[in-house]
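Below is one structure; the comments refer to it alone.
Just so it is clear, none of the values below were taken in a lab; they were calculated from the coordinates. The model shown is predicted, which means the values in this text are computed figures rather than measured ones. Cβ sites come from the backbone with ideal geometry, for glycine too, and all protein chains shown count toward neighbours.
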Amino acid sequence: MKADPRPSLFVSDLHLSPEHPATVERFLGWLNETAVGAEAVYILGDLFEYWPGDDFLDTPFPTPIVAAMRRLVERGTRLYLSHGNRDFMLGAAFCQAIGASLLAEPSLIDLNGRPTLLLHGDSLCTDDLAYQRFRRMVRDPAWQQAVLTKPLTERLAIAQQMREQSESDKSGKSNMIMDVNADAVANAFRQSGCRHMIHGHTHRPARHLLAVDGHDCERWVLPDWYDGHGGYLRCDARGCELVRT
Ligand code: LP5
Ligand code: MN
């Protein structure tokens with residue numbers, strides 16, 4: 001079978017919210033003009049600044065975003081989504097609405113014949129012990145079920161409290177603590193058996209070349225879409241390149 005000549009595109013950390021309509025417009029433009037030519041689009045977490053549960057779909061904010069993603073799928077691009085540390089409450093109803101498949105984390109895919117590990121990236125920040133405790137709590141299905149019994153307005157208020165607490169905690173953490181841990185990266189390569197990894201979360205876009213147990217490995221970090229900028233990783237049979245927008 002002949003390989004699909006269209007590229008695969010990887011984005012993360014768009015942090016879309018009603019408070020930043022210009023970023024939403026940039027993302028809608030990107031879907032209509034750039035993503036439409038892709039074979040597949042992978043959104044590796046933090047599509048949204050916060051997602052309180054899939055009943056948020058019934059509010060005006062996500063409607064144009066959902067419609068644009070659905071249109072992309074209908075025009076022939078496969079769409080994949082993974083959770084981030086802001087939108088871990090995205091569920092089956094959201095995936096169905098946009099026509100996407102939810103990726104397990106981490107996910108190993110065949111990218112033009114190259115096994116590639118996909119993840120949001122927060123699980124690699126193992127030095128950030130307070131964050132890892134928070135992550136265990138909010139990724140627990142029992143915790144999620146319990147909070148979903150609260151009214152949407154209450155969940156939005158909790159999300160706001162969490163954001164404030166997080167911002168205040170981050171001001172006391174070093175940049176080192178908030179970056180990936182080198183052993184966690186090496187272990188992720190070892191456990192998956194692959195030599196190519198793509199993730200976001202740290203907002204430090206880069207291509208890192210490293211050796212793990214004598215094997216040459218490559219780790220791509222995706223850019224965020226804050227502050228009027230954005231970007232994506234474009235991969236085809238010839239390789240990958242970071243494109244800044
Ligand atoms: O998000 P970012 O990039 O600024 O910082 C992250 C880590 N912080 C988080 C917390 C999120 O920002 C919280 C937002 C959630 C929004 C949606 C929630 C919907 C819930 C609906 C149901 C109620 O991920 C930050 C890392 C940083 O990345 C770098 O990796 O350091 O980690 C923290 O700051 C975690 C804190 O140290 C500990 C947790 C604070 C929150 C505690 C909750 C208390 C309020 C609960 C009220 C009932
Ligand atoms: Mn993140």
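Some values worked out for this structure:
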{"item": "Separation of the TYR226 and LEU108 label points, Cα + 7 Å toward Cβ, nm", "result": "3.4"}
{"item": "Cβ-based exposure ranking for ILE43, ILE158, ILE65, ILE198, in which fewest neighbours within 10 Å come first", "result": "ILE158, ILE65, ILE198, ILE43"}
{"item": "Hypothetical label at ALA92: residues of the range 124-147 whose amide nitrogen lies under 17 Å (7 Å Cα-Cβ projection)", "result": "141-142, 144-146"}
{"item": "Tail weight of P(r) past 25 Å, computed on alpha-carbon pairs of the range 105-245, percent", "result": "39"}
{"item": "Inter-label distance for ARG238 and LEU152, nm, one decimal - labels placed 7 Å from Cα along Cα-to-Cβ", "result": "4.6"}
{"item": "Placed amide H near LEU79: partners under 5 Å, 5+ positions off or other chain", "result": "VAL41, SER101"}
{"item": "Distance (nanometres) between label positions extended 7 Å along Cα→Cβ at GLN160 and HIS208", "result": "3.6"}
{"item": "Antiparallel %, DSSP beta bridges [both residues in the range 8-244], to 5", "result": "50"}
{"item": "Ranked GLU105, GLU25, GLU39, criterion: other C-beta atoms within 10 Å, fewest first", "result": "GLU25, GLU39, GLU105"}
{"item": "Any cysteine of the chain lacking a neighbouring Cys Cβ under 4.7 Å - listed by number", "result": "CYS95, CYS125, CYS194, CYS217"}
{"item": "SER17 long-range amide H proximity, modeled H, under 5 Å", "result": "VAL24, GLU49"}
{"item": "Quotient of C-alpha Rg and 2.2 N^0.38 Å, computed over the range 1-58", "result": "1.35"}
{"item": "Which of ASP227, ASP128, ASP13, ASP54 has the fewest Cβ neighbours within 10 Å, and the rest in rising order", "result": "ASP227, ASP54, ASP128, ASP13"}
{"item": "Between the range 185-237 and the range 1-64, the Cα center-to-center distance that results, in Å", "result": "19"}
{"item": "Relative contact order computed over the range 114-245 (Cα-Cα under 8 Å; 6+ residues apart), in percent", "result": "25"}
{"item": "All Cα pairs of the range 174-245, percent lying beyond 17 Å", "result": "48"}
{"item": "Gyration tensor verdict on the range 73-129 (Cα atoms; rounded if a/c is under 1.5, prolate if a/b is larger than b/c, oblate otherwise)", "result": "oblate"}
{"item": "Computed over the range 83-166, the ratio Rg/Rh where both radii use C-alpha atoms and Rh is Kirkwood", "result": "1.02"}
{"item": "Per residue convex hull volume, Cα atoms of the chain, in Å³", "result": "130"}
